[in-house]
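Data first, discussion second: the structure below is written as structure tokens.
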There are 2 protein chains.
Amino acid sequence: MSLLIVGTVAFDAVETPHGKVDRMLGGAATYAAVAASYFTPVRLVSVVGEDYTAREHAIFRGRPVNTDGLERVPGPSFFWSGRYSPDMNDRTTLDTQLNCLATFQPKLPAHYRDSRYVFLANIAPSLQLSVLDQLKRKPTLVALDTMNYWMDTALDDLKTVLRRVHVLLINDSEARQLSGHHNLIEAAAIIQRMGPKAVVIKRGEHGSTLFLGRHVFVAPAMPLSRVTDPTGAGDSFAGGFMGALVKAGKHDVAALRRAMIYGSVMGSFAVERFGLDRIRRLTPAQIHARAKQFRHLVHFDL
Amino acid sequence: MSLLIVGTVAFDAVETPHGKVDRMLGGAATYAAVAASYFTPVRLVSVVGEDYTAREHAIFRGRPVNTDGLERVPGPSFFWSGRYSPDMNDRTTLDTQLNCLATFQPKLPAHYRDSRYVFLANIAPSLQLSVLDQLKRKPTLVALDTMNYWMDTALDDLKTVLRRVHVLLINDSEARQLSGHHNLIEAAAIIQRMGPKAVVIKRGEHGSTLFLGRHVFVAPAMPLSRVTDPTGAGDSFAGGFMGALVKAGKHDVAALRRAMIYGSVMGSFAVERFGLDRIRRLTPAQIHARAKQFRHLVHFDL
């Protein structure tokens, strides 16, 4: 079973306390696709410009990632530049050049339209909606990631697409903004009434929490002696999370808990190096070993 | 086996988004003693003024808390007043009146001096040191809580007492201040070289982390639909943590992990109501049930 992913494929310039990269491949869909590809085949929907060459495309080589839905257009690709604060808990966007993304209208190749599992990575809610509209039948499981920018500028569109989503992945401040409630249990309950039965609240270095009805699961973050670059951690989490669910072929509570851990695993790898450098070079054994480390991290006997 | 606790017994005025209490019993040693008393007998060392009456002292009635070391002096008790931010992650101290605490010199009753387990709650490091100096023999396990105020004003004293401490309980920003390192793994390693083999980093609503050599354990915070008053949460955590260790009679890794959970349990109860209102009215069954909830909160199968 394949996972359909729509989102950005981009170039990033990133500055963190550990260094600076002037130009590297990035984008929410890239991170999510690479992370998910360790678990399940991926179908990618995105757009790139002329500056995206075989060199960049090599990221998908040797992976079960179908890129028939990766549109190539004239002009440059989406570009984002940001600088992280010394503690890396905040980042400042220095530059955003939409470029080819400005006029992007996702078109699903015919052989993508039977997709049952969908991850709508962070992109305009209207584009997320358009992807759902092109599916031949109602999908089994749809997850969506978004950000405060869309709450500020496209809240109605966001609410429309949320009604068709099963899992919302969102960070804590965004959950508070979307719900209007500070308390995360209350916030999750309000968001669940907007559509998504499951709400995954990402708390960066503090881990993540799954709310499913009255059910709550807390996944820790792996303490790391060095966080090099937080860019793409949330997208890698989402890729691992959805990849694990598709691989499991079910999404009961046990599968969701396990998926939270595999999401955490992929997020923890992502931040160890700049950009995609760490998650492009993983083995299944490394992934499984880190999942076991997560189990050790929280294990106790009463 | 008894747990010796030194720290403040105080009156607090607290304002949170959920209400305001003009005067209530508080103090680090009070919270810690009440929390620990569900697990083990406690010997309390502190000082109170004339405003501390039988009404306040009732908090210890029916508990295994020996108060022979609770000195009573003329004048008023220590008073603290604070207001929490709307999200309760910050608090502003509105007033601090040291009163009888200004001249306090802890004097251990003779029958306290064989104490093997000691919790030095947040108070001047010189007083914490004086308590250790009055013990007849080297204690088995000493835990210490402190705050940024003592790092700013009595760092040398703090470093002296840290050399004689096994467990340091500290919040994340204080760990960063004390170590001079942002990364918590690095921070814990630096602090371990100052004395305490075990460093417990409290992260409020995000849980807590135990560092013991290269060993790391993450305890989640219990998501609560209402946090009424965070005052005393850390002291209640410390009381539950030390109480569980003394009860276990050992402090290997498994015992420390379990103690982290019982600390989290007591902290999670403490914040549910103002002041001591929740933790003074617990049953062993409620405590055990919440510990099981913590296990459920983090459980997953790979």
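See the values below:
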read-out: Proximal lysine pairs, chain B, alpha carbons under 17 Å, eight or more residues apart or interchain; value: 5
read-out: Estimated [θ] at 222 nm from DSSP helical runs (n ≥ 4, -39500 (n - 2.57)) normalised by residues in chain B, nearest 500; value: -10000 deg cm²/dmol
read-out: For the range A:229-238, Karplus couplings with θ = phi - 60° (6.51, -1.76, 1.60), whole Hz, Gly/Pro x; value: 7, x, 4, x, 4, x, 5, 5, 4, 4
read-out: For the range A:35-78 and the range B:1-69, distance of Cα centres in Å; value: 62 Å
read-out: For chain A, with +1 on Lys and Arg beta carbons and -1 on Asp and Glu, the positive-most of A:PHE269, A:GLY26, A:HIS251 along the dipole; value: A:HIS251
read-out: Charged-residue dipole, Cβ positions (Lys, Arg, Asp, Glu), the protein assembly as shown about Cα centre, Debye nearest 20; value: 2400 debye
read-out: Table column - 3J(HN,Hα) (Hz), the range A:32-46, Karplus curve with 6.51, -1.76, 1.60, x for Gly and Pro; value: 5, 5, 4, 5, 5, 5, 6, 10, 7, x, 10, 10, 9, 10, 6
read-out: Distance from the range B:135-157 to the range A:135-188 (C-alpha centre basis), Å; value: 47 Å
read-out: Shape category assigned to the range B:66-124 from the gyration tensor of Cα positions, a/c cut at 1.5; value: oblate
read-out: When the protein assembly as shown is reduced to its Cα atoms, the Kirkwood hydrodynamic radius in Å; value: 25.7 Å
read-out: Dimensions (Å) - chain A, Cα atoms, principal axes, largest first; value: 61, 44, 36
read-out: Test item: Cα-centred dipole of chain B, Lys/Arg +1 and Asp/Glu -1 on Cβ, debye; value: 1240 debye
read-out: Rg/Rg_ref, the range B:159-302, where Rg_ref = 2.2 N^0.38 Å and atoms are Cα; value: 1.04
read-out: Cα pair distances of the range B:1-148 binned at 5 Å [whole percent]; value: 2, 9, 19, 22, 19, 15, 9, 4, 1, 0
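Only the coordinates and a few stated rules stand behind these numbers; no lab work does. Model, not experiment: these values are computed from the prediction. Cβ atoms come from the backbone with ideal geometry, glycine included; neighbour counts cover every protein chain shown.
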